[in-house]
1. Taking the condition on the phi > 0 side of the Ramachandran plot, free of Cβ contacts under 8 Å to residues at least 60 places away in the same chain and assigned to a loop (DSSP other than H, G, I, E, B), does residue 23 pass?
2. Being modelled with pLDDT under 90 and among the aliphatic types (A, V, I, L, M) is the filter here; which residues of region 60-95 pass it?
3. Within region 32-46, restricting attention to residues that are surrounded by 16 or more Cβ atoms within 10 Å (Cβ to Cβ) and touching a strand residue (DSSP E or B) at 6+ places or on another chain (Cβ under 8 Å), which residue is modelled with the lowest pLDDT?
4. Scan (1) at pLDDT 95 or above; (2) aliphatic (A, V, I, L, M); (3) under 18 Å from residue 77 (Cα atoms); (4) open to solvent by 40 Å² or more (accessible area, probe 1.4 Å) for the single condition residue 29 breaks and write down its number.
5. Is there a residue in region 38-54 that is in a strand (DSSP E or B) and either hydrophobic (A, V, I, L, M, F, W, C) or in contact with a Pro (Cβ under 6 Å, 6 or more places away or on another chain) (or both)?
6. Among (1) under 15 Å from residue 56 (Cβ atoms); (2) modelled with pLDDT of 95 or more; (3) surrounded by fewer than 16 Cβ atoms within 10 Å (Cβ to Cβ), where does residue 7 come up short?
Amino acid sequence: VEDGVEAMDYLLRRGRFADRPEGNPAVLLLDIKMPRMDGLEVLQQIRDDESLRGMPVVILSSSREESDLACSWDLGVNAYVVKPVDVEQFFTAIK
């Protein structure tokens, strides 16, 4: 999806995603810096929703800000990975 609003629409099967198969993703990769609704807002909504709360969430972000990291942990992120700029390092971090 392109942004946080679409992420929530997908997860909650709303709008253009209303017909997607039931079930949650095995894991959700979120960027903090997304348009319309940022990753921390998405994470908060996921943790507030009974049907989504148990889904593992990994923040994959270029942000090294301590406040972003602390807020992510406070909201219940399962892992926080800093995105490397180099493409090969990026794929290594994902693995």
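The values are calculated or read from the model by the stated rules, or taken from the named source; none is laboratory data. Quantities reported herein were computed from a predicted structural model and do not represent experimental measurements. Glycine also receives a Cβ, built like all others from the backbone with ideal geometry; neighbour counts cover every protein chain displayed. Each accessible area value is taken on the protein alone, full model and side chains, heavy atoms only, with ligands, DNA and RNA left out. Shrake-Rupley method; radii C 1.70, N 1.55, O 1.52, S 1.80 Å.
1. On the way: on the phi > 0 side of the Ramachandran plot: yes; free of Cβ contacts under 8 Å to residues at least 60 places away in the same chain: yes; assigned to a loop (DSSP other than H, G, I, E, B): yes.
Answer is yes for this residue.
2. Residues satisfying the conditions are 60, 69, 81, 82, 85, 87, 93, 94.
3. Among those that are surrounded by 16 or more Cβ atoms within 10 Å (Cβ to Cβ) and touching a strand residue (DSSP E or B) at 6+ places or on another chain (Cβ under 8 Å), it is 32.
4. Residue 29 satisfies all of (1) at pLDDT 95 or above; (2) aliphatic (A, V, I, L, M); (3) under 18 Å from residue 77 (Cα atoms); (4) open to solvent by 40 Å² or more (accessible area, probe 1.4 Å) except (1).
5. First pass over region 38-54, keeping only residues in a strand (DSSP E or B): none.
Within region 38-54, none of the residues are in a strand (DSSP E or B) and either hydrophobic (A, V, I, L, M, F, W, C) or in contact with a Pro (Cβ under 6 Å, 6 or more places away or on another chain) (or both).
6. For residue 7, the failing item is (3).
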